[in-house]
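Heads up: the structure comes next, in structure tokens.
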Amino acid sequence: MVKIAASVLNADLTKWEQWLPELEKARVDRIQFDIMDNKYVPNTGVDKKIISELRPHTKLFFESHLMVEKPEEHIREFSKIGNQLIIFHIETTPDPLKLIKKIKNAGCRAGIAINNKTPAQKIGPYLSKVDLALVMGVDAGFGGQEFNPYALGKMKYLKDIIYDDGLECLVEIDGGINAQTAKTAVENGADILVSGTFIFDHPKGIVQAVKELKKA
């Protein structure tokens, strides 16, 4: 069954005591924190303090999606505040292998991401070294955007390599995921669906939103 990652980018972080139990009730598989520096992407994202604030209150898997320049400077800190997986963008580092090693040496799983306009071939050589490959379905930096079908071919390309080489790397799709796009994403290789706006703004609530996504 497909896994669901709830992105809290557009959630009301002051009301986490209300929505965190709902995410657990809905049995989401993980929470994703979008970390931005207003440099790599023109937004400031989620305040990292929310990670350490939430960590004592849930056993849900935490992953941080670093949309920042010089991600290597943030690994030590993010490994200590409750993350189990740290994702960096291939576009932000001159030495992906060194960064992957740094993440794993810090005790976290490693994920590698490509932005909307970056071809999947850029991260193909690193699939054997990481635990997760994240494909952006929108331009990184803002929630609520419309899904770009270009991401489907990229996921299929990565999934074919993973299957042919017998790798354990998971494929995650992030951006524009709702009940309709989720199904197409899974058909093209997505193991994990990241969704924020659809989950937190669903008229029938978080539990129903996640239920619809898991039908994909």
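Considering helices alone, the calculated mean residue ellipticity of the chain at 222 nm is -9000 deg cm²/dmol, with DSSP H runs of length four and up weighted by -39500 (n - 2.57) and normalised per residue.
Order of Val8, Val207 from fewest to most other C-beta atoms within 10 Å?
Details: Val8 23, Val207 16.
With the fewest neighbours first, Val8, Val207 line up as Val207, Val8.
Comparing Cα centroids, the stretch 94-164 and the stretch 180-211 end up 19 angstrom apart. Quick one: of Lys156/Lys204; Lys3/Lys204; Lys154/Lys183, which pairs are farther than 26 Å apart, Cα to Cα? Violating the 26 Å limit, Cα to Cα: Lys156/Lys204.
Exposure proxy for Met67, Met36: other Cβ atoms within 10 Å of each Cβ, ordered fewest to most, give Met36, Met67.
Using Cβ counts within 10 Å as a stand-in for footprinting exposure, how do Ser7, Ser195 rank, fewest first? Walk me through the numbers on the way to the answer.
Details: Ser7 25, Ser195 28.
The order, fewest Cβ neighbours first, is Ser7, Ser195.
In a fully extended conformation the segment linking Lys117 and Asn43 would gain 24.8 nm over its present Cα-Cα distance, using 0.36 nm per residue. Kindly state, to the nearest 0.05, the FRET efficiency for Glu24 paired with Lys80, given R0 = 22 Å and r defined as their beta-carbon distance. It comes out at approximately 0.40.
With an 8 Å cut-off on Cα pairs and a minimum separation of 6 or more residues, tell me the relative contact order of the chain in percent. Mind dumping the intermediate values first?
Working: 430 pairs, mean separation 46.8, N = 216.
Over the chain, the number comes to 22 percent.
Put a dot 7 Å past the Cα of Lys156, heading toward its Cβ, do the same for Lys15, and the two dots end up 4.0 nm apart. Charge dipole (Cα centre; +1 on Lys/Arg Cβ, -1 on Asp/Glu Cβ; no other charges) of the chain amounts to roughly 400 debye. Stretched out straight at 0.36 nm per residue, the stretch from Lys129 to Ser52 would grow longer than its current Cα-Cα span by 25.0 nm.
Bear in mind that the values in this text are calculations on the coordinates, not laboratory data. Everything quoted here is computed from the prediction, not taken from an experiment. All Cβ positions, even for glycine, are placed from backbone atoms using ideal geometry, and neighbour counts span all protein chains on display.
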